[in-house]
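So the structure is just underneath, and the comments pick up after that.
Each value in this text was obtained by applying a stated rule to the coordinates, not by laboratory testing. Owing to the predicted nature of the structure, the values given are computational and were not obtained by experimental measurement. All Cβ positions, even for glycine, are placed from backbone atoms using ideal geometry, and neighbour counts span all protein chains on display.
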Ligand SMILES: *Cc1c(COP(=O)(O)O)cnc(C)c1O
């Protein structure tokens, strides 16, 4: 049976394991040393040299002008959306095939997601679907002045909006479209130049959910650095981990410092006074997590190389199997191949394969259930999404951890 052949092959990539996990962390460098250093110095919490060092390493690696570490990727996205100007009652465009965190962060802002389709080659937001939806549903109008807002201290969302005369509103429900959040699925970059160009035409800021794509590049530029803001995640199942952690990326000289202000306690700098001038979120990454991050960043090139080799081994293998397609990096892209993915013939075949692999503790899993099908979001606006539906029904992620053997 071909499925047994595939499962045996996956086992051969991760030998001598009772369970083959989907993705586990790899600690092969200075992780213990740096974490121990935090404990011995007592600097385990919100102050310490590793946070700054980790942020510097991320800036160097991604090319972003500002990098602000947070407790997780979800909180990074929450603040990035706020800084992009997302407010209560707004609409935020994203894709139905994504991890729940994308839509949770949109919801924390009091906004609602709108779902446009994905492309079959990137598994990320389709510029065509986005452009069509905007064309049909959005009109540019002179900014509404919210009653009661005048005279107050500027809100971060106002600060971030340069005085553009026109704002995008939904033609029928009159809600403001305040951001667009493409997500780089499993590490494969979306078509960022088209997405940014389309959004610019409509004055919609782009916030990239690059949680899965550290080490992935679109036309030579790191993912997460195309939009007004971007975010990364360092959760335990991601390419590198800090236990829990995230990062806000931006080149904006106003938003970068403001991101730091909001993710801490929004305290005015002063040698001894405690004066806070905004509602801060205390989303700051602890030093002990950042210590892990510094060690993981040192390992990142090696981890990416190893994962790329694994992807090529899978690619060659699945080329020999009919009716199964291995997802490769899109044109003009370098993918980090965070999670390798295959497309089976249909949902029945997918379920049969998942059943057999998991029974043998080879941890394969289906794609996320599309966001527009979940009870929290099934009332949200959705375009025709044939590609998302098709991918959801046939896709399987296969074990993709660093191979240490
Ligand atoms: C992992 C992930 C996040 C952030 O998750 P955290 O667990 O909060 O770090 C956000 N979006 C996507 C698409 C993700 O995969």
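Neighbour counts of C-beta atoms inside 10 Å place 47, 196 in the sequence 47, 196, starting with the fewest. Fully extending the segment from residue 46 to residue 369, taken as 0.36 nm per residue of separation minus the present Cα-Cα distance, adds 112.7 nm.
Spatial offset of the range 185-243 relative to the range 388-405 amounts to 20 Å, using the alpha carbon center of each. Taking the DSSP beta bridges with both ends in the chain, the antiparallel portion is around 70 percent. The stretch between residue 201 and residue 39 holds 53.3 nm of extra length on full extension. This uses 0.36 nm per residue minus the Cα-Cα distance.
By the beta-carbon count within 10 Å of each Cβ, the least crowded to most crowded order of 133, 272, 338, fewest first, is 272, 133, 338. Peptides 383-391, 116-124, ordered by how many other C-beta atoms sit within 10 Å of their residues on average, highest first, read 116-124, 383-391. Distance between the 7 Å Cα→Cβ label points at residue 194 and residue 132: 1.2 nm.
What is the distance in Å between the Cα centres of the range 31-72 and the range 281-322? If you average the Cα positions of each part, the centres end up 18 Å apart. What spacing in nm lies between the two simple spin-label points modelled at residue 316 and residue 60, each 7 Å away from Cα in the Cβ direction? For residue 316 paired with residue 60, the spin-label model returns 3.4 nm. GNM remark for the chain: springs join alpha carbons under 10 Å apart, and the peak mean-square fluctuation among 226, 61, 186 falls on 61. In terms of the mean number of neighbouring beta-carbon atoms within 10 Å, the peptides 242-251, 105-114, 310-319, 74-83 order highest first as 74-83, 242-251, 105-114, 310-319.
Taking label points 7 Å from Cα along the Cα-to-Cβ direction, residue 1 and residue 376 give a separation of 3.7 nm. Solvent-free Debye calculation, one equal scatterer per alpha-carbon of the chain: log10 I(q)/I(0) at 0.11, 0.14 Å⁻¹ equals -0.81, -1.25.
With 0.36 nm allotted per residue and the present C-alpha distance subtracted, the residue 270-residue 298 stretch has 6.7 nm of extension available.
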